[in-house]
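Taking it in order: structure first as structure tokens, then the write-up.
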Amino acid sequence: MLDSLILFGQFFTKLNIPIPVDDATNKVKTSIQYITLFSFLLGCIEGIVFWGFTYLFPIWFAWILYWITDGLLTGGFHLDALADTADGFFSSRTSDKIYAIMKDSRLGTMGSLALLYYYGLVIGLGIIISSYFDLFHMILLTVCLTMLTKTGLSLLFYKMVYPENKHGLSNIWLGISTWRIIVAQIFSIIIIVLCFSWQGLISYLAIPIIAIFYRRKVTKVLGGTPGDTLGAFASLSPLIFLFVLTILTRWRL
């Protein structure tokens, strides 16, 4: 398990972890059951940083700094995919052209807008919900949101299909055993319910429901789910959770 956590740290973060892991590609496939544990531990680090910021700044500003910290620790790993996916899917082109646009390293108008909208929403929703949560639950929220990036990502590994005649890094996620994905999801569900009770569970359930329609749309257009679309949904997952949780909390449901 430790090798798996080290490998995920090397792959998904900017942390310098100079520990070699043998047969990394195969190790990734056989370690997905630990991916939400890894993101939970990363969330604990970010939660502690957020907690520290609250001693220096108002909670709304500490919330903004939390998102900056997340971007620095992860290098915006999934946000780049979100921007690329937005550029491709909102280009109104053929599937081959959409795929080419997504692989273009340049940032387009729709990708820029997607990032602006994304940060506007997560920051705005966080400021709203901070009016209802105490500091302890805000810290728990930062932990859960960081964890949920890999929760959403692992959902799309279920019977994943890659577009024909295309090559990319996300080929490493093909053929992952279903039980590994289920274990990863169960871990997330336990943490979420412990932190936010049934409101957290309902907020979590919105993620797999949207994932079904998201993958159906992506597969219809591209014939599979390339890496950028996986990363995009990883970014969207905490936003979906936060959106639903804010509604439930604000209306005292």
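Averaged over its residues, the chain has an accessible area of 48 Å² per residue, based on protein heavy atoms and a 1.4 Å probe. What percentage of all Cα-Cα pairs in region 105-166 are separated by more than 15 Å? The proportion of pairs with Cα distances above 15 Å equals 70 percent. Put simply, the amide H of residue 162, placed in the peptide plane, has neighbours under 5 Å in 225, leaving out anything fewer than 5 places away on its chain.
Rounded to whole Å and sorted largest first, what semi-axes of the equivalent ellipsoid does the C-alpha gyration tensor of the chain yield via the square root of 5 times each eigenvalue? Don't skip to the end; give the middle numbers.
On the way: eigenvalues 156, 93, 65 Å².
The answer is 28, 22, 18 Å, longest axis first.
Summarised in one figure, the compactness ratio Rg/Rh of region 64-132, Cα atoms and Kirkwood Rh, is 1.09.
With all protein chains in place and a 1.4 Å probe, the accessible surface of region 188-238 carries 74 percent carbon and sulfur.
What you get for region 43-131, charging only the Cβ of Lys and Arg (+1) and of Asp and Glu (-1), is a dipole of about 160 debye around the Cα centre.
Can you give the angle from 0 to 90° between the axis of helix 77-89 and the longest principal axis of the chain, with both taken from C-alpha atoms, to the nearest 10? Tilt relative to the chain: about 60 degrees. The Cα-based radius of gyration of region 73-198, divided by its Kirkwood radius, gives an Rg/Rh of 1.03.
With distances taken between every two different alpha-carbon atoms, region 1-138 has a Kirkwood hydrodynamic radius of 17.3 Å.
Quick one: pull the percent of accessible area on region 77-129 belonging to carbon and sulfur, 1.4 Å probe, ligands and nucleic acids left out. Can you show the working numbers first?
Working: 1790 of 2800 Å².
Taking all protein chains in place, region 77-129 shows 64 percent carbon and sulfur surface.
In terms of overall dimensions, region 133-253 has a Cα radius of gyration and Dmax of 15.3, 51 angstrom.
Only Lys, Arg, Asp and Glu carry charge here, each on its Cβ (+1 for the first two, -1 for the last two); on that basis the chain has a dipole of about 640 debye about its Cα centre.
Taking 41, 194, 153 as the candidate residues, the one with maximal mean-square fluctuation in a Gaussian network model of the chain, Cα springs under 10 Å, is 194.
The values are calculated or read from the model by the stated rules, or taken from the named source; none is laboratory data. Remember, predicted model here, so these are calculated numbers, not experimental data. Reconstructed Cβ throughout: ideal geometry from the backbone, glycine too, with neighbour counts over all protein chains shown. Each accessible area value is taken on the protein alone, full model and side chains, heavy atoms only, with ligands, DNA and RNA left out. Shrake-Rupley method; radii C 1.70, N 1.55, O 1.52, S 1.80 Å.
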